[in-house]
Amino acid sequence: MSEYAIEMLGITKTFPGIIANDNVNLVVKKNEVHAILGENGAGKSTLMSVLFGAYSPDSGKILINGKEVKITNPNVATDLGIGMVHQHFKLVHNYTVTENIVLGREPKNKFGILSLDEAEKKVRMLSEKYGLQVDPKAKIEDITVGQQQRVEILKTLYSDSDIIILDEPSAVLTPQEIDELMDIIRLLQKEGKTIVLITHKLKEIKAVANRCTILRRGKYIDCVDITPETSEQDLATMMVGRPVKFDIEKKPCTPGEKLLEIKSISVNDSVGVEKVHDLSLDVCAGEIVGIAGVDGNGQTELLYALSGLSPVTKGQIIMNGKDITNMKIRERNEAGLGHIPEDRHKHGLVGGLSVAENTVLKDFYTPKYSGKLGVLMTEKIFANSDKLIEEFDIRSGQGSITPAGALSGGNQQKVIVAREISLSPNVLLVAQPTRGLDVGAIEYIRKRLVAERDKGRAILLVSFELDEIMNLCDRIAAISKGSIVGVFKAGEKTASEIGLMMAGEKSKEASK
Ligand SMILES: Nc1ncnc2c1ncn2[C@@H]1O[C@H](COP(=O)(O)OP(=O)(O)O)[C@@H](O)[C@H]1O
Ligand SMILES: [Mg+2]
């Protein structure tokens, strides 16, 4: 019997214009939690897709439990006991939890009719055994993202996988859900599973991993043991290739005039439930104001109302002294509003369009890029995009012509940030700017936001990461149940004091 569950040796995989994996090794011992650390675009997902049979490598070999195998498609991987939870879930939204779990291996009774009772029992049993609480009968569209992830994990357990690959599982979770996920990973290990955890969060690696393989720009850098002595700084340096600063350097702020005035607004969500209640807040030129709160306390609806994605039911929004409450999105943009949205794929980018086209989504129709007959001036669009790629260090295989959807998450975010900042907005709305990004990209994006502040922009930042709010903002507004429950200068309150202000909602969330 081999000591190793997985041996991937000399794996190379190229895409047009890019070597995603360049002679990479990954050796995972049985029953360990093995982290794969790397910046966005380092090749982590590609390596796992090779292991899962979604891509075939150009060269290299794979051994599972000591035996060389050819994983030609995901069914072969499943038969070898490999399960994968993808970065973007692959669930059918109007199916139930159980229906999704049995998808592709539907249990039939002796008359050949679909019978879900047995399956439901097994799902219930597995969910209890591994602490993966979720209702087997609930529809996917009705459960939270965190619960959807549990469904994906249950799916791998249902097909008896011994090796479970988790691709950036914490990227979509709240801090509380991340803690629960760490517990789930520990339980999976205790029950004998081998876990491959892809992440760029050093804290998570320190919390659960036994060993860690580091990739950088497609290349294998090292494989190290994780001990209590392992320093996060060393891991970050290996990942990025240079020392990384965790703290943000910024000068004290010198706020100017009020550029954004939110006056007693209320906002409903898409089904008509009031999510923002009588909320008032100002943001001045040259300051970053952060909204600290637990996910689901009205942050999304607030930004929808400010950016024009949803109407307010009451109140007023004033920008630059101008009432924008009832303006269309395009009018707001033209009046000087920028928006780095929470949902990058839905509101930030058009995946099928090129990077170049995405950089001019908001001003392609202006004389800057549109000729007399409305013909787009492609050369100018590409020149603009080439400049932004350079300035914002956007890594894309084929430069400006790469479809935005083919970029890694961090690089997609950089395209959005580049577009919004390059339009020189007076007021910049920023939601979860670094969610799911690696430390290199996080450092960069935070630096750019501070630079925009210093240029006199008014920045309103929503983030579920209290660390980010506390580090980046000049003033902080705590939000609970759709209302601001306190506004104070950064540094005036400790994390636990702010946490308490945010917490009122937590108990209500739980009872909902
Ligand atoms: N299907 C694809 N077609 C073209 N390029 C791709 C494809 N998948 C990934 N890439 C490129 O390969 C590199 C590695 O990507 P990926 O494995 O997703 O990185 P990671 O998961 O570490 O963020 C990136 O530069 C990415 O743009
Ligand atoms: Mg990835």
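The values are calculated or read from the model by the stated rules, or taken from the named source; none is laboratory data. From a predicted model like this one, the values you see are computed outputs, not experimental measurements. Don't worry about glycine lacking a Cβ; one is built from the backbone with ideal geometry, like all the others, and counts go over all protein chains shown. Heads up: the accessible areas ignore ligands, DNA and RNA and are worked out on the full protein's heavy atoms, side chains in. Shrake-Rupley method; radii C 1.70, N 1.55, O 1.52, S 1.80 Å.
In a simple Cβ point-charge model (Lys, Arg +1; Asp, Glu -1; nothing else charged), segment 176-261 has a dipole of about 440 debye relative to its Cα centre. Taking the inverse of the mean reciprocal distance over all distinct Cα pairs, the Kirkwood hydrodynamic radius of the chain comes to 24.5 Å. Placing a pseudo-label 7 Å from each Cα along the Cα-to-Cβ vector at ASP234 and THR12 gives an inter-label distance of 3.2 nm. In the chain, Cα pairs under 8 Å separated by at least six residues give a relative contact order of 16 percent. Direction-averaged projected area, Cα convex hull, segment 114-200: 5.8 nm², rounded to one decimal.
When DSSP beta bridges are restricted to pairs lying wholly in the chain, around 55% turn out antiparallel.
Our helix-only sum for the chain, with -39,500 (n - 2.57) per DSSP H run of n ≥ 4 divided by its residues, gives a mean residue ellipticity at 222 nm of -9500 deg cm²/dmol.
Normalised by the number of residues in segment 100-254, the average gap of Cα pairs under 8 Å and 6 or more apart makes the relative contact order 15 percent. Summary of packing: across the peptides 352-361, 430-439, the per-residue average of other C-beta atoms within 10 Å ranks them, highest first, as 430-439, 352-361.
A straight chain from ASP467 to LEU361 at 0.36 nm per residue would run longer than the Cα-Cα distance by 35.0 nm. From the largest down, segment 57-107 spans 40, 25, 15 angstrom on the principal axes of its Cα atoms.
The spacing between segment 393-437 and segment 36-90, judged by their C-alpha centroids, is 28 Å. Relative protection proxy for 292-300, 155-163, from highest mean packing down: 292-300, 155-163 (other beta-carbon atoms within 10 angstrom). Sorting the segments 103-110, 41-48 by their mean number of nearby beta carbons within 10 angstrom, highest to lowest, gives 41-48, 103-110. From the alpha carbon centroid of segment 224-273 to that of segment 154-196 is 26 Å.
Within the accessible area of segment 275-330, what % is carbon and sulfur when the probe is 1.4 Å and the other protein chains stay in place? Here it works out to 52 percent.
Modelled this way, with points 7 Å down the Cα-to-C-beta line, the labels at PHE89 and ASP222 are 3.7 nm from one another. Applying 1/(1 + (r/R0)^6) with R0 = 60 Å to the Cβ-Cβ distance of ASN75 and LYS251, what FRET efficiency is obtained, to the nearest 0.05? The formula returns an efficiency of 0.55 here. Apolar share of the accessible surface for segment 400-440: 52 percent from carbon plus sulfur atoms, 1.4 Å probe. With a 1.4 Å probe and all protein chains left in place, how much accessible area per residue does the chain have, in Å²? Roughly 45 Å² per residue, with all protein chains present. Short to long, the 10 Å bins of the Cα pair-distance histogram for segment 139-294 hold 8, 25, 25, 22, 16, 3, 0 percent of all pairs.
Around the amide H of GLU342, modelled in the peptide plane, lie the amide H atoms of ALA431, all under 5 Å away and 5 or more residues distant in sequence or on another chain. Across every direction, the projection of the convex hull enclosing the Cα atoms of segment 4-240 has a mean area of 13.3 nm². For MET377 and ARG105, the difference between the fully extended length at 0.36 nm per residue and the C-alpha to C-alpha distance is 92.7 nm. With all protein chains present, how much of the accessible area of segment 34-139 (probe radius 1.4 Å) comes from carbon and sulfur, to the nearest whole percent? That share works out to 49 percent. Taking segment 276-318 and a reference point 7 angstrom along Cα→Cβ of VAL487, the backbone N atoms nearer than 17 Å belong to 277-293, 299, 302-303, 306, 315-318. Taking every alpha-carbon pair under 8 Å whose residues sit at least 6 apart, segment 170-296 reaches a relative contact order of 15 percent.
Pairwise alpha-carbon distances in segment 353-421 exceed 17 Å for 35% of all pairs. The alpha-carbon atoms of segment 207-322 define a convex hull whose volume equals 200 cubic angstrom per residue.
Report the normalised scattering of segment 355-494 as log10 I(q)/I(0) at q = 0.19 Å⁻¹, calculated by the Debye formula with identical scatterers on the alpha carbons. Ignoring solvent entirely, the Cα scatterers give -1.12. For LYS108, a cut-off of 14 angstrom between C-alpha atoms picks up these aspartates and glutamates, skipping any fewer than 8 places away in its own chain: GLU99, ASP117, GLU118, GLU120.
When both bridge partners sit in segment 4-240, DSSP labels roughly 55% of those beta bridges antiparallel.
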